[in-house]
Amino acid sequence: MLDIAVAKSALPKSGALVLLLEEGGTVDSPTGALWKAADEATGGAVSRALAVAEFKGKKGQATTILAPGAGLSRVIAVGLGKLDGLTGNTAEAVGGTAVAALAKEPAAAVSTAGLSPDLAAAVALGAVLRAYRFDRYRTKEKAEDKPKLAKLTLLADNAAKVKSAWTPQKGVAEGVFLARDLVSEPPNVLNPPEMARRIEKLSEIGLKIEVLGPKEMKKLGFGALLGVAQGSSQEARMVVMHWNGAPASKDAPLCFVGKGVTFDTGGISIKPAGGMEDMKWDMGGSGTVVGLMAALAGRKAKVNAVGLVGLVENMPDGNAQRPGDVVTTYSGQTVEVINTDAEGRLVLADVLWYAQEKFNPRFMIDLATLTGAMMVALGHETAGFFANDDTIATQLFDAGKATGEAVWRMPLGEAYDKLIKSDIADMKNIGGRAGGAITAAQFIQRFVNDKPWIHIDIAGVAWSGKDTATIPKGATAFGVRLLDRMVADHYEG
Ligand code: BES
Ligand code: MN
Ligand code: ZN
C-alpha cells in the first residue's frame, strides 16, 4: 500500500509537490499557502505556468508543471472546485487524480492547506485507493514501466489531527485491497479451499474464523449449496468471520453474507465461451464481505458483526447437478433447479438461513454478482438493492451517496414471487427473462423470515472496465466502503 506520512506544512526542498487549489482561488486563498511559497521560491514560475495552462481550480482539473525551479521536480495543481460544499467524495477523487499524475515520482508531498482533517484524510484515502495494483503474475514488466510512487506526505497545519483522521481510513483501505486481491486472483488459484485458507489468516487482525467443509454442511442439510458444488472437483466451504467490537459483547450482531462462486461455468446449463473468464469474479460478493470484515477489524469498529461466505465452484462434470433436479435446502424448503446457471441464489439460500438461525442478527445484508439482468437494468455505475425494511434501505442509500458507491432500490412483490412457482417443488430457481434480477431477489427472500434484510446485486459494479479517479481498472471491491459507512453512521456507539 502507498505509504502515507503526515508532516507540518512547509515548502519541500526537492521532489514533487501537489497543490490542491480551490476554484477561482489565489495565492492568498486558504488553499494557496504553498502555492504562494512555491511562487516566491521560483520567481513566480508556478503562477505563470498555471496561467498559461488556464488552470482555474475546477473540480478534477489537473495541470503538471515540470522542473519549475527551487529544486522541485514537478508541481501538480489539482482543482478542488468551490471550497464550500467540498465533499469527501471530491477530496478522494482529487487524491486519486494526483496519484495518477505522480506515477514517475518515487515520493511526493501534498499540500492540504484549507482542508479539514477529515477532508485531508479523504485525499489520502483516494490516493491510496488509486495506487492499487495487482501485479503478482507479471514477471516481465520493466522497472521503468512500473509506477514508482511509494510514499505520499500530507502537509498539514494540524498534522496530529490529520493523522488521527487517517488511521481508521487506513483500516478501510486495507479491507478494500484485500477484497480487490481476492477478486483479481485467477480461478485456478483461488478455489474454495484456497479462499477459505486466506480468510483464516485474518485471525491475525482479530477476527475469529470458523470453516465448514462438505461433511459439516451435509450434516446440517445444505442441499442447495452442495448441489451447486457437486459438479466440481473442488470441495465447498462456508466460512464464518466474527468481529466483536461492541462494548456489550452480547449485542446481536449485524450479518453480512456473500456469494462466493470462485468460478461460474454455468454448470450443465453451460455459459457461452465468449467472456466466460469474467466469471472468476463471481465470488465478488464474498470478496466484499471478507474485505468489510477486515475493514471493521482494521479500524476497530465498535460493533458486533458476523460475515458469512458460501464458497463453491460451479462446474459441469459427470456428477454435476442436472436441470430438473430437486434439492432440499437447509430451511427445509425444496427447489426445482431449472437452470444450473442460476446457482448464486442456491448458495445464498443455505447461508442466509444459517445466519438467521445461528446468530439471530439485527439485520442481514447479502451481496452477490447475481444476475446479468441487474447489469442490463443499471449498467456499471449503480448497484441495485432489494429490502424488506425501509429504515435500513434509507441507511444504505445514504451511505451510497456518502461514499460514491451508489445504490438504487428495486421492487419486491407478490406478483413477482408468483413467477418462481414450481409444479413439483416449493419453488423453482428461475423466473423468466423479464425482471430477472427481481425474481432472483424474490427467491432469496424466501429464505428470510422476519429479519430486516437487504440483497445487493453487484453484478454490474464488481469489476470495472476502465480507470476511475479512485479505482484502477479491474476489481472494485464495491460494497466494502458502502457497508463500512452504513455501520459507522448507524451502528456504533
Ligand atoms: N454469475 C452470474 C451472473 C453474472 C453475469 C454476473 C454476468 C456478472 C456478470 C449468475 O450466476 C448467472 O449466471 N445468472 C444468470 C441467471 C439466469 C440463468 C436466470 C443470468 O443472469 O443470466
Ligand atoms: Mn451462474
Ligand atoms: Zn454466478
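Read-outs: derived from the displayed coordinates by stated rules, not from any lab. All values reported here derive from a predicted model rather than from experimental measurement. Cβ coordinates were reconstructed from backbone atoms using ideal geometry, including for glycine residues, and neighbour counts include every protein chain displayed.
The stretch 1-44 and the stretch 348-415 have Cα centres spaced 43 Å apart. Helix content alone sets the calculated 222 nm mean residue ellipticity of the chain: runs of n ≥ 4 DSSP H residues at -39500 (n - 2.57) each, divided across all residues, give -10500 deg cm²/dmol. Among residues other than Ala488 with Cβ under 11 Å from its Cβ, the summed charge is +1 (Lys and Arg +1, Asp and Glu -1). For the stretch 373-418, the set of GluC sites (Glu not before Pro) satisfying both a DSSP loop assignment and a count of at most 16 other C-beta atoms within 10 Å is given as Glu381. In terms of its C-alpha gyration tensor, the stretch 66-211 has an oblate overall shape, because the principal axis ratio a/c (a ≥ b ≥ c, square roots of the eigenvalues) is not below 1.5 and a/b does not outweigh b/c.
Determine the shape class of the stretch 172-490: with a ≥ b ≥ c the square roots of the Cα gyration tensor eigenvalues, call it rounded for a/c under 1.5, and otherwise prolate if a/b is greater than b/c, oblate otherwise. Rounded shape, in that the Cα axes give a/c under 1.5. Of all lysines in the structure, those lying under 19 Å Cα to Cα from Lys418, and not within fewer than 8 positions of it along the same chain, are Lys428. Checking every one of the trypsin sites (Lys or Arg not before Pro) in the stretch 410-484 against DSSP loop status and a limit of 10 other Cβ atoms within 10 Å picks out Arg433, Lys466.
With an a/c value under 1.5 for the gyration tensor axes a ≥ b ≥ c computed over the alpha-carbon atoms, the stretch 1-115 is described as rounded.
Taking Lys and Arg as +1 and Asp and Glu as -1, the other residues whose beta-carbon sits under 15 Å from that of Phe386 total -1. The Cα center of the stretch 261-323 and the Cα center of the stretch 46-125 differ in position by 38 Å.
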